[in-house]
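The values are calculated or read from the model by the stated rules, or taken from the named source; none is laboratory data. Model, not experiment: these values are computed from the prediction. Heads up, the Cβs are rebuilt from the backbone with ideal geometry, glycines too, and the neighbour counts pull from every protein chain shown. The area values use the complete protein model at the heavy-atom level, side chains included, leaving out ligands, DNA and RNA. Shrake-Rupley method; radii C 1.70, N 1.55, O 1.52, S 1.80 Å.
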Amino acid sequence: MALQRPKGTRDHLPDGSPQLKLDVSARAFKHVTDTAARVLERGGAAFIATPLFEEAELVKRGVGGSTDIVRKEMFMVYYFGDHGGYVLRPEGTAGLVRAYLENGLKQLPSPLKLWTHGPMFRAENVQKGRLRQFHQVDYEVLGSADALVDAEAIWLMVQVVRELGLTGVQVRLGSIGDPQDRDTYNAYLRELFTPHLERLSDDSRDRLERNPMRILDSKSAGDQTLIAELSVKPMLDFLGAEARTHFEAVRGHLDSWKVAYEVDPSIVRGLDYYRRTAWELHHAHIGAKSALGGGGRYDGLAKELGGPETPGIGWAFGTERILLAMEQEGLSLPAAEGPLVYIAALDAGQVPLAARVALGLRSVMRADFGYKPQKPGNAFREGERRGAVFTALIGSDEAAAGTVALKHMASGEQLSVPVGELSALLLARPS
Ligand code: AMP
């Protein structure tokens, strides 16, 4: 049997592939990243690209030493038979903040808005919506703790999915306060859970010591039952005055821009460097794994990575999950654009000329040509199949006269055009 792609990875395929569905369409994939690029760059974000692998230490600090990602889901990078202390990136933020610090991007106008997209890697148990290589679009802002920056980040995320045509999306917004608020909350949780130690999962017993907030995130059904029974108060009830004012300011901006959201008191983030605003973007129809993406403020991260205190906030969505949601909503892509002209030679002798004319046009338009001579009927059918606006034929008469026989496919109109005038005529007659 022919070799197959690794489990938990995907091929995104070109139009016309057998049984192509939207969620594996390469054009759909590109449509998502193009749309994100347009929305984010209109919003002043600059594109940045960072390595697909980073020092394991960076990733550990970035996602927190005790999280599942570090414990179970990191892909080590081996080369020349050696383990290099590197891992494939499981998410984009840590590498991006490292790049900001390492390259002195603090000197750029602040706050600095950056965006990127690309593959992320996690050694997951593969299931619907959970891949080992998936892709994220990432937006990050460094250098400001202003609530307006938070609200704008949420607005941009919503705007990307809106411009993709998705309607079944929902923003769930919360705040996890400042470090001292979290200390108070963790003390409350410790007191609450300690009498029920024997009912907690092993993981959560661990968390009770180090980071009780993460118990609320537990995937264990037993833990979740206990959490429900104890009617745990949400983090939101523990916000200090400053964090509360900040949260209200974020909400005020979103309300005034008519961005719909629900306050979700259950949103927690277990890592110390997270501050204040945190949110998730959900979709109604993609099942249990309904999160399209999430975001949050991480003012403590730069320091955690060894840099100076630098406020930051960002979000990421999963490109594959977005595609799944688009497919669920029955969205279709904008029509594929064909060439403006398809040029066919009628005899083998004119094939190189057809190629030369097409290549000459390519600096100003999309132009294709046939590699083999074709009869006029076949050439027109081929032009139509490729979605060409015009089809041009070159036979021996045309070659001798320095012209092409041009057909406008939609109207059927035909005329003879000197090669030197072709470009101007084609550009003047789009559609
Ligand atoms: P996270 O970085 O875990 O907050 O994930 C952000 C988003 O990335 C999620 O909401 C998903 O859309 C996507 N994502 C995370 N893990 C995976 C995965 N294993 N497979 C596919 N998409 C994922």
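In this label model, LEU20 and ALA428 are separated by 3.5 nm, measuring between points 7 Å along each Cα→Cβ vector.
Using 1/(1 + (r/R0)^6) with R0 = 25 angstrom and r between the beta carbons of LYS30 and ASP255, what's the FRET efficiency to the nearest 0.05?
My answer for the efficiency is 0.15.
For GLU421 and ARG386, a Förster radius of 25 Å and the Cβ-Cβ distance give a FRET efficiency of 0.60, rounded to the nearest 0.05.
Each of the chymotrypsin sites (Phe, Trp or Tyr not before Pro) that DSSP puts in a loop and that has at most 14 other Cβ atoms within 10 Å breaks the chain; the longest unbroken stretch is 81-256.
So what is the relative contact order for the chain, in percent, with contacts set as C-alpha pairs under 8 Å and at least six apart?
On the way: 742 pairs, mean separation 61.8, N = 431.
About 14 percent, as a whole number.
Here the convex hull built on the C-alpha positions of the chain has a volume of 206 cubic angstrom per residue. Each helix, a run of at least 4 DSSP H residues, gives -39500 (n - 2.57); summed and divided by the residues of the chain, these come to -11000 deg cm²/dmol at 222 nm. What the Cβ-Cβ distance of LYS233 and ASN125 gives, at R0 = 22 Å and to the nearest 0.05, is a FRET efficiency of 0.10. Using a Gaussian network model on the chain with a 10 Å cutoff between Cα atoms, which of GLY168, GLY338, GLY402 fluctuates the most? Highest fluctuation among the options: GLY402.
Among the GluC sites (Glu not before Pro) found in region 307-367, those both in a DSSP coil and sparsely packed, with 15 or fewer other Cβ atoms within 10 Å of their Cβ, are GLU309, GLU337. Over 26 Å, how big is the tail of the calculated P(r) for region 281-413, in percent of all Cα pairs? Percentage above 26 Å: 53. Be a star and scan region 206-230 for residues whose amide nitrogen sits under 16 Å from the point 7 Å along the Cα-to-Cβ vector of GLU191. Counting backbone N atoms under 16 Å from the label point, the list is 212-213.
By a 1.4 Å probe calculation restricted to protein chains, LYS60 has an accessible surface near 80 Å², given to the nearest 10. Of all the options ALA56, ALA392, ALA336, the one that moves most in a Gaussian network model of the chain with Cα springs shorter than 10 angstrom is ALA392.
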